[in-house]
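Beneath this line is the structure, given in structure tokens, with notes to follow.
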Amino acid sequence: MLRDGVAGPEVLLQLRQNTGYMDDHWAAAAAGHVEAGETAYDAAHREASEEIAVKDLDLAFVTAMQRTRHADAIDERIDFFFTARTWTGEPRIVEPDKCAELRWCPLDALPDPVVPHELQVLSALRDGTTTPYSTYGF
């Protein structure tokens with residue numbers, strides 16, 4: 001989720017906790033896995049509703065990222081990144097056991113640390129260098 005801030009574009013990030021993956025890192029405010037029978041668009045809408053209580057996101061596709069950790073097959077992923085500048089509802093923490101904080105952050109002054117592959121996309125958004133296909137870890 002993006003909005004215009006006083007000093008430029010801002011992104012809504014969450015501080016992850018108790019998830020077993022990238023805890024104590026800042027990450028996209030709403031993210032998750034595609035469930036059976038869902039499109040990536042459907043999953044983005046569902047995750048936003050479940051995690052931050054917003055609906056009716058006007059999603060814009062940013063990139064499909066192929067990433068690897070060079071370990072098990074489960075570590076080979078393809079992520080779909082979208083932005084939304086309009087939605088219904090006020091973002092709030094719905095899962096306090098998994099999210100320690102929700103914060104609007106300037107794209108040019110992100111907190112540290114940010115989930116590394118997400119940081120790559122956020123940096124490209126900031127710089128205007130996104131591409132439909134991107135990679136991480138290769």
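Quick notes
- Residue in region 95-138 that is surrounded by the fewest Cβ atoms within 10 Å (Cβ to Cβ), counting only those that are of a type in the set (S, T, N, Q) and part of a loop (DSSP other than H, G, I, E, B): Thr129
- Selection of first residues in region 124-138 that are touching a residue at least 60 places away in the same chain (Cβ under 8 Å) and of second residues that are of a type in the set (Ser, Thr, Tyr) and surrounded by fewer than 16 Cβ atoms within 10 Å (Cβ to Cβ), restricted to Cβ pairs under 8 Å at least 6 apart or on distinct chains, gives the following pairs, ordered by first then second residue: Ala124/Thr131; Tyr136/Thr68; Gly137/Thr68; Phe138/Thr68.
- Given (1) among the hydrophobic types (A, V, I, L, M, F, W, C); (2) assigned to a strand (DSSP E or B); (3) surrounded by fewer than 17 Cβ atoms within 10 Å (Cβ to Cβ), number of the condition Ile74 does not satisfy: (2)
- Selection within region 33-43: residues that are open to solvent by 30 Å² or more (accessible area, probe 1.4 Å) and at negative phi. The member of this set that is nearest to the chain's Cα centre (by Cα) is His33.
- Which listed residue, of Thr88, Thr83, is open to solvent by less than 40 Å² (accessible area, probe 1.4 Å) and β-branched (Val, Ile, Thr): Thr83
- Of all residue pairs spaced 6 or more apart or on separate chains, those with beta-carbon atoms under 8 Å, a first member in region 20-39 that is part of a loop (DSSP other than H, G, I, E, B) and a second member that is acidic (Asp, Glu) and open to solvent by 50 Å² or more (accessible area, probe 1.4 Å) are Ala30/Glu50; Gly32/Glu50; Val34/Asp42.
- Residue match in region 44-62 (condition: open to solvent by less than 60 Å² (accessible area, probe 1.4 Å) and of a type in the set (S, T, N, Q)): yes
The values are calculated or read from the model by the stated rules, or taken from the named source; none is laboratory data. Only a predicted model underlies this, so the values are computations on that prediction, with no experimental measurement involved. Neighbour counts run over all protein chains shown; Cβ positions are idealised from the backbone, glycine included. SASA here: full protein model, heavy atoms, side chains in, ligands and nucleic acids out. Shrake-Rupley method; radii C 1.70, N 1.55, O 1.52, S 1.80 Å.
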